[in-house]
Structure formats: C-alpha cells, structure tokens
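The values are calculated or read from the model by the stated rules, or taken from the named source; none is laboratory data. Nothing here was measured: the structure is a model prediction, and the numbers come from that model. Cβ placement follows ideal geometry from the backbone for every residue including glycine, while neighbour counts extend to all protein chains displayed.
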Amino acid sequence: MPNAILTRYASSAAVTCTLASLASDTNLLSGRESAEVDNTSAGYQDYICSGFVTTGTSPTAAKQIEVWAIGYTGNDYPDVFDGTDSAETITSEDIKNSICVPVAIMSTNDTSDRTYAFRTASIRGAFGGVLPSKFALFVAHNTGVALNATAGNHELRVQGVNDEVQ
C-alpha cells in the first residue's frame, strides 16, 4: 500500500511586533521590525504568515501597508535589521528591494480605524523556495497618520508547516 503524505500544521503563534501608533513614512523605509522567528530547533519546512493591521484616524486615501520578511544570512541580518522588535529605517529603497521579500501589500482608503487583514502567505515561497533558519518581519505604511494606538488592533502570526509520511 502506498504511503500518503499529509501536511501537518503546528499551533499558530503571535510574532512580537509593536505596531500600535507606528508612524507613517512617505517612502515606506521607516517602520517596525518584529522579533525574529527562529526555526533552528523546530525544523519546519515552511511557515505561513497572516495577520491584520489597523489604520489610525483620518488616513489618506489610496496608500498602503506593507509587510516584508528579512532572512538571517547565517551570520547576521542585513542592513539595519537585528531580529528584535524595534523601530528601523532601511538605508534606501534599492537596499530594501534587495534584502526584503514581500509578504503582503495592503491597499488602504481614507476610512478611520479600518482593519486590514492579509491573506496567509508562505514564508518559504516568499524566499523563492528556501526557508531561512531565522527571519523577521518588517511593517511600514504611508497612510499619512500613525496606526491605531490600541495594541490588540494589530497582529502578525506564523504557523509552522511540515509534511508527514503516513
């Protein structure tokens, strides 16, 4: 009898990233880095990422909220990243585009305190099929106002995924 390969999902976990009152940045280079997700012990084949972010009061129409992933290089994180929940300003747009991979880009409107959820995204897929041993997330937005001030109105989550032979 042939074996079946089933996908097994770990419990999802919140990623520490302080998004309450995150300032807007016209250039989408200043934002918030999350604490790192370390896969060196768990050994998952992939992580799926999902979440939501809530705008503040009176945002500008036709702007966006971006979620990016940054991979650990084996020795360190590139540019300004360090795998800790902290404010960061990436050196330049060309550096951002060469070291960060997009997880979600959410178009926004001018509705105050609107929550924008983003679809489940494969971190391994974002990195072209190779999951880094560690990674962090980076959130930036250009809505013209600070994000909602209530911490519970923002969430980033990851869930480990493995194939299992039956």
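Couple of notes before you dig in:
- Picking from residues in region 106-144 that are more than 16 Å from L22 (Cβ to Cβ) and hydrophobic (A, V, I, L, M, F, W, C), the one that is surrounded by the most Cβ atoms within 10 Å (Cβ to Cβ) is F135.
- Flag for S98 being surrounded by fewer than 15 Cβ atoms within 10 Å (Cβ to Cβ) and under 18 Å from L19 (Cα atoms): no
- Residue among S24, S50 that alone is buried (at least 18 other Cβ atoms within 10 Å of the Cβ) and closer than 18 Å to F118 by Cα: S50
- Selected residue (criterion: farthest from the chain's Cα centre (by Cα)) from residues of region 147-166 that are closer than 23 Å to S122 by Cβ and part of a loop (DSSP other than H, G, I, E, B): Q166
- Test: G74 is surrounded by 15 or more Cβ atoms within 10 Å (Cβ to Cβ) and small (G, A, S): no
- Residue count for region 36-68, restricted to those that are under 12 Å from V158 (Cα atoms) and among the hydrophobic types (A, V, I, L, M, F, W, C): 3.
- Selection of strands (runs of 3 or more DSSP E) fully inside region 54-146 by the criterion of at least 2 residues being touching a residue at least 60 places away in the same chain (Cβ under 8 Å) and farther than 24 Å from A42 by Cα returns 63-71, 115-122, 134-141.
- Residue match in region 7-28 (condition: of a type outside the set (D, E), part of a strand (DSSP E or B), within 20 Å of T108 (Cβ to Cβ) and modelled with pLDDT of 95 or more): no
- Count of region 118-142 residues, restricted to those that are within 12 Å of the chain's Cα centre (by Cα) and at pLDDT 95 or above, is 12.
- Meets criteria (of a type in the set (D, E, K, R) and either closer than 30 Å to V165 by Cβ or assigned to a helix (DSSP H, G or I) (or both)) for R32: no
- Test result for S86, surrounded by 15 or more Cβ atoms within 10 Å (Cβ to Cβ) and within 23 Å of T143 (Cα to Cα): yes
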